[in-house]
Amino acid sequence: MRRIPTAVLISGRGSNMAALLEAAADPSFPADIRLVLSNRPGASGLERAAGFGVATQVIDHRSFSDRAGFDAALDQALTTAGIQLVALAGFMRLLTPDFTRRWTGRMINIHPSLLPAFKGVHVHQQALAAGVRLSGCTVHFVSPEMDSGAIIGQAAVPVHPDDNADRLAARILAMEHLLYPAALALVANGQARLIDGRTAFAAGAWRAVTLTADLDG
Ligand code: GAR
């Protein structure tokens, strides 16, 4: 089996990155995670990645005067490493339309809400303020518009009446760690593809990325 050379991009603690690396430790996992790249030198996820024996690299966005310069350096690092698939995992930088277009259909992201609800930041506060009974997380192909690309998979969790943002975030994060490896696997093995702006699935493959948590979970 051909494993697709993959990079994970982070900005912080990297718990989703760790979930992806754990899944990819299985030789039958279709993505070969060769590189973890951070835009922040102090990201704690970098140490975690090194613990998995994966190559790490920092491209500090503060060394660039504009987004285009940073994105060009990022693109070069990915190309040099032979990367074919990119997974954003808590990567908190907006990418330029040019960069996202170059990686169309080959770059995915995880966001901690049921998109298209609650884009951007302070996502859990947005969900609590709206009074929704369900929230969750979404893995999607990255498009130039933030948090708007074709949806690959979602996991739903209940919102409890006494939730605060931290409790809701933790309940969603546990599902992120299940959903993201499943979604990356489908993209890497070609069972989920971006076609005409929508995700096309091989027969039955959507089931692996359509998850619900227990009401008490
Ligand atoms: C995750 O909850 C991820 O969904 C979110 O940041 C967190 C990163 O945690 N991403 C976004 O909000 C992107 N818009 P992690 O570093 O432990 O994976």
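No lab work stands behind these numbers, since they all come straight from the coordinates. In this text, all values refer to a predicted model and were calculated from it rather than measured experimentally. Cβ coordinates were reconstructed from backbone atoms using ideal geometry, including for glycine residues, and neighbour counts include every protein chain displayed.
When only alpha-carbon atoms count, how far does the stretch 129-212 stretch along each of its three principal axes, as whole angstroms with the largest first?
Answer, in whole Å and largest first: 41, 25, 16 Å.
Once Lys and Arg get +1 and Asp and Glu get -1 on their Cβ, which of Ser63, Met92, Pro30 lies farthest toward the positive end of the dipole of the stretch 25-149?
It is Met92.
Distances over 30 Å make up what percent of all Cα-Cα pairs in the chain?
Cα-Cα pairs in the chain separated by more than 30 Å: 19 percent.
Output the relative contact order of the stretch 70-217, whole-number percent, from Cα pairs under 8 angstrom with separation of 6+ residues.
21
Express as a percent, rounded to the nearest 5, the fraction of DSSP beta bridges in the chain (both residues included) that run antiparallel.
40
Assuming R0 = 30 Å, what is the FRET efficiency of Ala55 and Ala170, from their Cβ-Cβ distance, to the nearest 0.05?
Plugging the Cβ-Cβ distance into 1/(1 + (r/R0)^6) gives 0.50.
Simple spin-label model, 7 Å along Cα-to-Cβ: Glu22 to Arg67 in nm?
So the label points at Glu22 and Arg67 sit 3.4 nm apart.
What ranking do 125-132, 43-50 get when scored by the average of other Cβ atoms within 10 Å per residue, highest first?
Ranking, from highest mean packing down: 43-50, 125-132.
Each residue of the stretch 174-183 in turn: what ³J(HN,Hα) in whole Hz from Karplus with 6.51, -1.76, 1.60 and θ = phi - 60°, glycine and Pro shown as x?
4, 6, 4, 5, 8, 5, 5, x, 5, 5
Between beta-carbons, use under 12 Å as the cut-off and find the net charge around Met17, counting Lys and Arg +1, Asp and Glu -1.
-1
If you take the square roots of the eigenvalues of the alpha-carbon gyration tensor of the stretch 1-122 and sort them as a ≥ b ≥ c, do you get rounded (a/c under 1.5), prolate (a/b over b/c) or oblate?
rounded
If we sort 109-115, 57-63, 155-161 on the protection proxy, mean other Cβ atoms within 10 Å, highest first, what's the order?
109-115, 155-161, 57-63
Tell me the relative contact order for the stretch 1-66 as a rounded percent, counting alpha carbon contacts under 8 Å between residues six or more apart.
Relative contact order comes out at 35 percent.
Provide the packing ranking of 173-186, 196-209, i.e. peptides ordered by the mean count of other C-beta atoms within 10 Å per residue, highest first.
Sorting 173-186, 196-209 by mean packing, highest first, produces 173-186, 196-209.
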